[in-house]
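J.: Attaching a single structure in structure tokens format; questions to follow.
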Amino acid sequence: MSSVFDRFPKPPCAETLGWELLAADPATGAVRIAFEARPAFCNPGGNIQGGFVAAMLDDTLGPAVLVKTDGAAYCATIDLSVRFLAPAKPGRLIGDGRIVQLGKTIAFLEGELRDDSGRIVATATASARVVPTAGLARTS
């Protein structure tokens, strides 16, 4: 799928999480992202450690701003509130993120992370600073 993300190199953190764009709606900024939750991300109980779940949600919400602005801006998270609803197991996890409100300098975002059965494992809300992409590296 061709998208605004083709214009920028994938961050190493996204590579680590197995980030894959599944869908993006430029009109609304909604995104669907797949992640590969590896066994190396597990806590002693065999569940994905909460910090990795939070990172996946952060990497679901933020890209909505890049999509909505057609690559003119990205966002830097100011705060991220995560609610853990069910244990996340290793395997494919799907994040849905969307913009609640996008201002000139601040974005309000929300989303959820589901397992492969569709069960919501965590939800998140965030506020983020809107940052122009003018100084970012671009792919050729």
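FYI, it's all coordinate maths here, none of it is from the lab. Here the structure is a predicted model, which is why all the values come from computation and not from measurement. Methodologically, a virtual Cβ is constructed for each residue, glycine included, from the backbone with ideal geometry; neighbour enumeration extends over all protein chains shown.
J.: Which pairs have Cβ atoms under 8 Å, sit 6 or more apart or on different chains, and link a residue in the stretch 46-57 that is over 16 Å from Thr123 (Cβ atoms) to one that is part of a helix (DSSP H, G or I)?
T.: Listed pairs, sorted by first residue: Gln49/Phe41.
J.: I would also like to ask the following. With (1) assigned to a loop (DSSP other than H, G, I, E, B); (2) surrounded by 14 or more Cβ atoms within 10 Å (Cβ to Cβ); (3) of a type in the set (A, V, I, L, M) as the list, and Ala27 as the residue in question, which single condition is left unmet?
T.: (2)
J.: Which residue out of Gly18, Gly45, Gly51 is in contact with an Asp or Glu (Cβ under 6 Å, 6 or more places away or on another chain), surrounded by fewer than 18 Cβ atoms within 10 Å (Cβ to Cβ) and of a type in the set (Gly, Ala, Ser)?
T.: Every option except Gly18 fails the conditions.
J.: Here's something else I'd like to know. Among the residues of the stretch 59-86, how many are surrounded by fewer than 23 Cβ atoms within 10 Å (Cβ to Cβ) and assigned to a strand (DSSP E or B)?
T.: Looking only at that region, the number is 11.
J.: Among the residues of the stretch 87-140, how many are more than 13 Å from the chain's Cα centre (by Cα), within 16 Å of Phe35 (Cα to Cα) and either in a loop (DSSP other than H, G, I, E, B) or among the β-branched types (Val, Ile, Thr) (or both)?
T.: 11
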